[in-house]
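K.L.:
Questions regarding the structure given below will be posed in turn.
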Amino acid sequence: MKLKTTIVKIFSAVLFLVILSGLELFGQSVPGKEENIPFLVTFGKQGETSWGDDDFYQVFFFSIKKDFTQQFYIRIFDPDCGGQNDEIQGEFNSNTLFSVYGGRGVDPERNEDSKGWLNGLNYKGGNLLASRVFGKEARYDNKYYTFGPFNPTAGDYNSKWNSYIFKVVCEGISGDDGNLYKYFLSRDADNNIPVEGGNAFTYEYTFRMWNDFKSIAHIYPYVDTGVIFIKIRNYDWDNDGNILVVSRYKQGIPVKISNEDNWVEDRITIEPPEIGSSLDFQFHKAQGELVKNNNVVVTIESQRGDALPFFSSPIGGIPVYTPKISVNKYIKPK
Ligand SMILES: [Ca+2]
Ligand SMILES: [Ca+2]
Ligand SMILES: [Ca+2]
Ligand SMILES: [Ca+2]
């Protein structure tokens with residue numbers, strides 16, 4: 001009997017670990033695990049756009065599945081602008097405002113302005129649930145600050161995704177330095193414990209590349225019904241290598257790239273089987289001389305001009321190119 005109990009205990013422990021590692025696959029770090037992006041970046045509004053942030057704010061959405069009924073937290077890693085991780089210009093003098101919104105007006109599928117990708121529109125729709133300004137603060141340097149707890153029902157309900165939507169706006173309200181930071185959606189205030197089925201997305205992605213030319217960054221836009229072609233725009237890529245579009249049907253289509261302080265647009269046709277799945281935008285750095293501290297902005301819109309979301313955890317998984325079976329190789333039976 002004792003042996004049986006031990007076996008049951010070991011089995012339970014293993015099962016627990018398997019479940020935990022499974023949850024990790026749904027990991028809610030933003031940028032997401034598969035994206036291979038070190039940080040999000042937002043500059044103070046006195047910064048130069050040539051440093052890689054076109055508008056000095058960034059909007060991210062968090063989705064909580066309806067069947068998740070516990071309270072949750074939104075954690076920010078390195079919310080301060082100073083010390084480690086951040087991009088100094090002269091001396092650190094930037095203040096960054098992080099604000100969490102819930103309720104009506106947040107859901108970007110019902111409130112286009114909320115998407116935050118077109119400058120001049122009110123991206124602050126919804127009820128302000130929490131906010132805080134961070135300057136140069138050793139207390140939060142290379143450490144987490146936690147917003148919450150929040151009740152899922154405080155979000156804006158979206159029936160298509162069967163989820164409550166929350167929004168976090170990051171604004172560089174003063175100064176000229178670059179604030180680098182990450183988010184984590186968590187069930188716990190002090191640890192990163194994923195919320196089952198949770199995800200995060202944005203419509204204008206401003207991020208930092210690794211200082212490593214072997215490193216490839218990925219972002220994963222979701223292609224919804226009715227999309228015939230997409231317009232991909234990138235900003236301040238600094239001529240740093242290639243940007244490729246990969247899907248199950250595309251081996252790697254290069255798009256036009258930006259250089260310094262400019263937007264460049266390119267168009268890519270969408271095949272009907274690509275609808276309802278994710279694309280993989282790959283950012284391959286130039287080889288040879290390293291382009292350091294490269295910050296870049298990316299948007300994608302349909303032929304109708306609707307912005308499409310980039311998900312931290314790609315919907316339907318990472319698309320892998322599958323070569324079509326060549327009919328030429330078919331040998332007729334004699
Ligand atoms: Ca400064
Ligand atoms: Ca810092
Ligand atoms: Ca920071
Ligand atoms: Ca750049």
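The values are calculated or read from the model by the stated rules, or taken from the named source; none is laboratory data. Keep in mind that this is a model prediction, so the values were computed, not measured. Here the Cβ positions follow ideal geometry from the backbone for every residue, glycine too, while neighbour counts run over all protein chains shown.
K.L.:
Which residue pairs have Cβ atoms under 9 Å apart, sit 6 or more places apart or on different chains, and have a first residue in region 62-81 that is within 18 Å of Pro38 (Cα to Cα) and away from ligand 4 (no atom under 16 Å from the Cβ) and a second that is assigned to a loop (DSSP other than H, G, I, E, B) and among the small types (Gly, Ala, Ser)?
P.N.:
Close Cβ pairs satisfying both conditions: Arg75/Ala189; Asp80/Gly135; Cys81/Gly44; Cys81/Ser94; Cys81/Gly135; Cys81/Gly175.
K.L.:
Return the residues of region 183-208 that are within 16 Å of ligand 3 (Cβ to nearest atom) and either in contact with an Asp or Glu (Cβ under 7 Å, 6 or more places away or on another chain) or over 18 Å from Tyr101 (Cα atoms) (or both); say none if nothing qualifies.
P.N.:
Of all residues in region 183-208, those within 16 Å of ligand 3 (Cβ to nearest atom) come to 183-184, 206-208.
Selection gives Thr206, Phe207, Arg208.
K.L.:
Restricting attention to region 284-298, which residues are in a strand (DSSP E or B) and either more than 20 Å from the chain's Cα centre (by Cα) or within 11 Å of ligand 4 (Cβ to nearest atom) (or both)?
P.N.:
Filtering region 284-298 for residues in a strand (DSSP E or B) gives 284, 295-298.
The answer is Asn295, Val296, Val297.
Yes/no per residue for (1) surrounded by fewer than 18 Cβ atoms within 10 Å (Cβ to Cβ); (2) within 16 Å of ligand 4 (Cβ to nearest atom); (3) touching a residue at least 40 places away in the same chain (Cβ under 8 Å):
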{"residue": "Thr225", "(1), (2), (3)": "yes, no, yes"}
{"residue": "Ile228", "(1), (2), (3)": "yes, no, yes"}
{"residue": "Ile232", "(1), (2), (3)": "no, no, yes"}
{"residue": "Ile243", "(1), (2), (3)": "no, yes, yes"}
{"residue": "Gln251", "(1), (2), (3)": "yes, no, yes"}
{"residue": "Pro254", "(1), (2), (3)": "yes, no, no"}
{"residue": "Asn262", "(1), (2), (3)": "yes, yes, no"}
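K.L.:
Of everything in region 76-109, what is of a type in the set (Gly, Ala, Ser) and within 14 Å of ligand 2 (Cβ to nearest atom)? Give them in sequence order. Talk me through it step by step, then tell me what you get.
P.N.:
Kept after step one, since they are of a type in the set (Gly, Ala, Ser), are these residues of region 76-109: 82-83, 90, 94, 99, 102-103, 105.
If the condition is that a residue be of a type in the set (Gly, Ala, Ser) and within 14 Å of ligand 2 (Cβ to nearest atom), then Gly82, Gly83, Ser94 are the ones that fit.
K.L.:
Of the residues that make up region 47-54, is at least one in contact with a Phe, Trp or Tyr (Cβ under 9 Å, 6 or more places away or on another chain), modelled with pLDDT of 95 or more and on the phi > 0 side of the Ramachandran plot? Please lay out each step first, then the result.
P.N.:
Narrowing region 47-54 to residues in contact with a Phe, Trp or Tyr (Cβ under 9 Å, 6 or more places away or on another chain): 47, 49, 51-54.
Those left that are additionally modelled with pLDDT of 95 or more: 47, 49, 51-54.
Subsequent filtering for residues that are on the phi > 0 side of the Ramachandran plot retains 52.
Checked against the condition, which is being in contact with a Phe, Trp or Tyr (Cβ under 9 Å, 6 or more places away or on another chain), modelled with pLDDT of 95 or more and on the phi > 0 side of the Ramachandran plot, region 47-54 yields at least one hit.
K.L.:
Okay, next question. Of all residues in region 90-133, count the ones that are within 16 Å of ligand 3 (Cβ to nearest atom) and surrounded by fewer than 18 Cβ atoms within 10 Å (Cβ to Cβ).
P.N.:
Final tally of qualifying residues: 5.
K.L.:
Could I ask something else about it? Give me the pairs, please: first residue somewhere in region 280-304 and within 16 Å of ligand 1 (Cβ to nearest atom), second residue anywhere and among the charged types (D, E, K, R) and part of a strand (DSSP E or B), beta-carbon distance under 6 Å, and either six or more positions apart or on two chains.
P.N.:
Every condition considered, the pairs that remain are Asn295/Arg208.
Matching residues to (1) in contact with a Gly (Cβ under 8 Å, 6 or more places away or on another chain); (2) under 25 Å from Gln28 (Cα atoms); (3) surrounded by fewer than 20 Cβ atoms within 10 Å (Cβ to Cβ):
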site: Asn239; (1), (2), (3): no, no, yes
site: Val298; (1), (2), (3): no, yes, no
site: Arg304; (1), (2), (3): yes, no, yes
site: Gly316; (1), (2), (3): yes, yes, yes
site: Lys324; (1), (2), (3): no, no, yes
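K.L.:
Residues to consider are Arg267, Arg208; find the one that is closer than 24 Å to Pro38 by Cβ and of a type in the set (Lys, Arg). Outline the logic, then answer.
P.N.:
Details: Arg267 fails: closer than 24 Å to Pro38 by Cβ.
Going through Arg267, Arg208 in turn, the sole match is Arg208.
K.L.:
Now for a different question. If we keep just the residues of region 36-58 that are surrounded by fewer than 23 Cβ atoms within 10 Å (Cβ to Cβ) and not in a loop (DSSP other than H, G, I, E, B), which is nearest to ligand 3 (Cβ to nearest atom)?
P.N.:
Taking the candidates together, the pick is Phe39.
K.L.:
Hey, can you tell me all the residues within region 286-305 that are farther than 29 Å from Tyr222 by Cα and of a type in the set (Gly, Ala, Ser)?
P.N.:
If the condition is that a residue be farther than 29 Å from Tyr222 by Cα and of a type in the set (Gly, Ala, Ser), then Gly288 is the only one that fits.
K.L.:
Same structure again: Please enumerate the residues belonging to region 299-319 that are out of contact with any Pro (no Cβ under 8 Å at 6 or more places or on another chain) and either assigned to a loop (DSSP other than H, G, I, E, B) or on the phi > 0 side of the Ramachandran plot (or both).
P.N.:
Gln303, Arg304, Gly305, Asp306, Ser313, Pro314, Ile315, Gly316, Gly317, Ile318, Pro319
K.L.:
Of all residues in region 87-101, which are touching a strand residue (DSSP E or B) at 6+ places or on another chain (Cβ under 7 Å) and away from ligand 4 (no atom under 16 Å from the Cβ)?
P.N.:
Taking region 87-101 and keeping what is touching a strand residue (DSSP E or B) at 6+ places or on another chain (Cβ under 7 Å), we get 87, 94-101.
Scanning region 87-101 gives Ser94, Asn95, Thr96, Leu97, Phe98, Ser99, Val100, Tyr101.
K.L.:
While we're looking at this one, here's another question. Ile64 passes all but one of (1) assigned to a loop (DSSP other than H, G, I, E, B); (2) under 23 Å from Glu196 (Cα atoms); (3) of a type outside the set (Asp, Glu); which number fails?
P.N.:
The failed condition is (1).
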